[in-house]
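Visitor: This is the structure I have questions about; it appears just below.
The values are calculated or read from the model by the stated rules, or taken from the named source; none is laboratory data. Just so it is clear, the structure is predicted and the values come from calculations on it, not from any experiment. When we count neighbours, we look across all protein chains shown, and the Cβ atoms used for this are built from the backbone with ideal geometry, even at glycine.
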Amino acid sequence: MEFKKDHLFNDNIRSENSYSVVGYMEGKTMFMGKIPLFFNKEVKKNSAYFLAQTMLGSCSEDKMIWRLWLTIENKVASKSKVPTTFFIDFHSTRF
């Protein structure tokens, strides 16, 4: 999955290190532990985005619902550094 900075935030801060993103995935259909995500920030021309590569665990279910947890912190605008955490559910199918 790829999340572009402009899709997550609507601001004019151009600092290279203004945001931090951490996250993990876990099975919602069947809990199989937490799969950590390690994000790298990529900057190309005037856009910045965070990218993480991961693999899903093998499950006995043919269809699985996964939950992706993301925590985003604006290190410049938030003096108290209050992070924003949200989740996205997505499906996978074994072929």
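Visitor: When you check M25 against the structure, is it at pLDDT 85 or above, surrounded by 14 or more Cβ atoms within 10 Å (Cβ to Cβ) and under 16 Å from the mean Cα position of the chain (by Cα), yes or no?
Guide: Working: at pLDDT 85 or above: yes; surrounded by 14 or more Cβ atoms within 10 Å (Cβ to Cβ): yes; under 16 Å from the mean Cα position of the chain (by Cα): yes.
So M25 passes the test.
Visitor: Something else: Mind counting the residues in region 48-95 that are under 22 Å from S18 (Cβ atoms), of a type in the set (V, I, T) and not in a loop (DSSP other than H, G, I, E, B)?
Guide: Here the count works out to 4.
Visitor: Quick check on this structure: which one of F38, F3 is closer than 19 Å to D89 by Cα, at pLDDT below 90 and not aliphatic (A, V, I, L, M)? Walk me through how you get there before you give the answer.
Guide: Values: F38 fails: at pLDDT below 90.
Matching residue, one of F38, F3: F3.
Visitor: Counting only residues that are touching a Ser or Thr at 6+ places or on another chain (Cβ under 8 Å), closer than 18 Å to I35 by Cα and touching a residue at least 60 places away in the same chain (Cβ under 8 Å), how many does region 50-93 have?
Guide: Here the count works out to 2.
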